[in-house]
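Encoded as structure tokens, the structure appears first; notes follow it.
The values are calculated or read from the model by the stated rules, or taken from the named source; none is laboratory data. Note that the structure is predicted; figures quoted are calculated from it, not measured. We place every Cβ from the backbone using ideal geometry, glycine too, and count neighbours over all the protein chains shown.
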Amino acid sequence: MKCLFVNCCIREDDSRTYKLALEFIEKLKERHPKAIIDEIRLMDLDLKPYLYSDIKRRDELISKNEFNDPMFKYANQFKDYDFIILATPFWDLSFPSILKVYIEKLCVNNLTFKYENNKEYGLCKLSKFMLIATSGGERIDNKLNYLFDIIDFLSSKNVKKYYSYVNGLDMMDDSNCKGVIKKAIKDFDKIICEI
């Protein structure tokens, strides 16, 4: 199993989401000791949204099938993994903007997806996706759909999707917060057994 851990935990070691992700990865390693798990830390990357000049350059490279250009570095990396683990907090009713910019870099026509016969087809190998998310507030459920849709859009297979999200953490006292996180970690066991 070849896994990519997409780390969007901006608060790094202080992030509740990151702590959950580390617990999940530890359990995954115990169950699948031969699994290859690579990490990409979005907050360490110099990711910028596409401007019009970037879009023109991207489209020109695509028209020439120049997919080895550094502009497509993240798409080339992503497409070869069969299991994606994404850890992201939700704040201000969404995920951090750097994740959207990263997703823009992944979506490359004829590299990670294609249009054919008036349909969209994913070209990535991924067959499993795990989303780990936390939120201080309660409005998180419908925000997950976009991330699941992107995974379906990019994958050439039916993707088994798993998720763990813990919300309302900023509205709980410390002992309740710890209890909810502890339960989420315990629930990882069931997910790991299916992977």
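Report whether or not D38 is at pLDDT below 95 and either not in a helix (DSSP H, G or I) or not charged (D, E, K, R) (or both). Steps first, please.
Numbers: at pLDDT below 95: no; either not in a helix (DSSP H, G or I) or not charged (D, E, K, R) (or both): yes.
For D38, the condition - at pLDDT below 95 and either not in a helix (DSSP H, G or I) or not charged (D, E, K, R) (or both) - is not met.
With region 78-195 as the region, which strands (runs of 3 or more DSSP E) entirely inside it contain at least 2 residues that are touching a residue at least 12 places away in the same chain (Cβ under 8 Å) and surrounded by 15 or more Cβ atoms within 10 Å (Cβ to Cβ)? I'd like the intermediate steps shown before the answer.
Values: elements: 83-90, 113-116, 119-122, 128-135, 160-166.
The strands (runs of 3 or more DSSP E) meeting that bar are 83-90, 128-135, 160-166.
Restricting attention to region 12-30, and to residues there that are touching a residue at least 12 places away in the same chain (Cβ under 8 Å) and basic (K, R), which single residue is nearest to D187 (Cα to Cα)?
Taking the candidates together, the pick is K27.
Going by the conditions given, is A35 within 18 Å of I191 (Cα to Cα), surrounded by fewer than 16 Cβ atoms within 10 Å (Cβ to Cβ) and of a type in the set (A, V, I, L, M, F, W, C)?
yes
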